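I have placed the structure first, in the form of structure tokens, so that the comments after it can refer back to it.
The values are calculated or read from the model by the stated rules, or taken from the named source; none is laboratory data. Given the structure is predicted, the values throughout are model-derived calculations rather than measurements. Methodologically, a virtual Cβ is constructed for each residue, glycine included, from the backbone with ideal geometry; neighbour enumeration extends over all protein chains shown.
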Amino acid sequence: MTPRHLFELADLGESLESVLKTAEYFRDHRGSHAQPLTGKSIALVFEKASTRTRLSLEVAAAELGAHPVVLSKQGSQLGRGEPLADTARVLSRMVHAITFRTSTDARFKELSKASSVPVLNALTDGGHPMQILADLITARAEFGSLSDVGFAWIGDGNNMANSWIEAAGLLKLTLKVACPAGYEPDSQRVEQARALGADVQVTRAPSDAVEGAHVVSTDVFTSMGQEAETNERLKAFEGFRVTQQLLAAAAPNAIALHCLPAHRGEEIDDDVIEGPRSRVWTQAEARLHTAKAALCWALETLPG
């Protein structure tokens, strides 16, 4: 049987809505829901640093009844250059699923190709699907549904922007993406989302992107692995910080999201992340609930 890998949101297919509803069920019944993964083991493999992703996956596995096994690059043979395919084959014989946080998309695909158990994308340079699932249920908790909700992405056309664009296509969302010149998202992704029925616009003006928006999201301007570009990026992203003044152009009931960690004063102001519009902490908690749902989907144990 071909394992259910979760590389991008599209891999969920028609189960996307079921995964979102399952996450909401787990959120509303924490401490009282069943443990459908009892007796299973989940390998959590990290080649990049992590706080929320590790916490959410480790706690999710435990609360679903599974045993989480954390492997870091520094604390495993991956740090000494063991081929990914070898690691995948060994893990496949000992655990029931793998989550993998790594650098390139190609590296994720190399491991998942050699794995006979499901592999879930816990972040690559190309996308962060498990974070977007959390962001989507955060928006639904605020507005009841995603219909007639306008989304804005401010900052780098990075993995988070890519996954937002993918989500817009799958769910036919309205999304405005504001990036400085040279940092725009992949144009092919934008066209694919539009072809699916999404209203995706790309602009260089943050004020245009947030106008009337209900959900304003951002991320660090310098992601992991880009530290050498910090000074260049800070100059390029001048004017892209999410401030109270910028949010004033959004809808009156707009909320602000940030996937964390945040560089306060760079991509978002402290009074925004700590202010009444912030749903950052709800968003962070949502990672736990969507991690549970994603694991259940991969192991074909979604309730109902």
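Within region 243-266, the set of residues being touching a residue at least 60 places away in the same chain (Cβ under 8 Å) and in contact with a helix residue (DSSP H, G or I) (Cβ under 7 Å, 6 or more places away or on another chain) comprises Leu246, Ala250, Ile255, Leu257, Cys259, Leu260. Looking at region 199-214, can you tell me whether even one residue there is surrounded by 13 or more Cβ atoms within 10 Å (Cβ to Cβ), touching a helix residue (DSSP H, G or I) at 6+ places or on another chain (Cβ under 7 Å) and within 26 Å of Phe100 (Cβ to Cβ)? Looking through region 199-214, none of the residues is surrounded by 13 or more Cβ atoms within 10 Å (Cβ to Cβ), touching a helix residue (DSSP H, G or I) at 6+ places or on another chain (Cβ under 7 Å) and within 26 Å of Phe100 (Cβ to Cβ). Scanning region 1-34 for residues that are loosely packed, with under 13 Cβ neighbours inside 10 Å and among the polar types (S, T, N, Q) yields Thr2, Ser32. Quick one: in region 71-106, of everything that is part of a helix (DSSP H, G or I), in contact (Cβ under 8 Å) with a residue 40 or more places away in the chain and not hydroxyl-bearing (Ser, Thr, Tyr), which residue is nearest to Gly225 (Cα to Cα)? Checking each candidate, the answer is Asp105. Here region 120-171 is the region considered, the condition is being in contact with a Lys or Arg (Cβ under 6 Å, 6 or more places away or on another chain), not polar (S, T, N, Q) and not in a loop (DSSP other than H, G, I, E, B), and the residue that is surrounded by the most Cβ atoms within 10 Å (Cβ to Cβ) is Ala152. For the residues Ala256, Ala236, Ala294, Ala251, the requirement of being assigned by TED's automatic domain parsing to the domain that holds Ser50 and of a type outside the set (Ser, Thr, Tyr) singles out Ala294.
Conditions (1) in the same structural domain as Phe151 (by TED's automatic domain parsing); (2) polar (S, T, N, Q); (3) touching a residue at least 60 places away in the same chain (Cβ under 8 Å); (4) touching a strand residue (DSSP E or B) at 6+ places or on another chain (Cβ under 7 Å), marked per residue:
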{"position": "Gly197", "(1), (2), (3), (4)": "yes, no, no, no"}
{"position": "Val200", "(1), (2), (3), (4)": "yes, no, no, yes"}
{"position": "Ala205", "(1), (2), (3), (4)": "yes, no, no, yes"}
{"position": "Gly212", "(1), (2), (3), (4)": "yes, no, yes, yes"}
{"position": "Thr218", "(1), (2), (3), (4)": "yes, yes, yes, yes"}
{"position": "Phe221", "(1), (2), (3), (4)": "yes, no, yes, no"}
{"position": "Glu232", "(1), (2), (3), (4)": "yes, no, no, no"}
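Of all positions in region 85-98, none carries a residue that is within 22 Å of Arg189 (Cβ to Cβ) and modelled with pLDDT of 95 or more. Scanning region 122-169 for residues that are polar (S, T, N, Q), over 27 Å from Leu234 (Cβ atoms) and in contact (Cβ under 8 Å) with a residue 40 or more places away in the chain yields one hit, Thr138.
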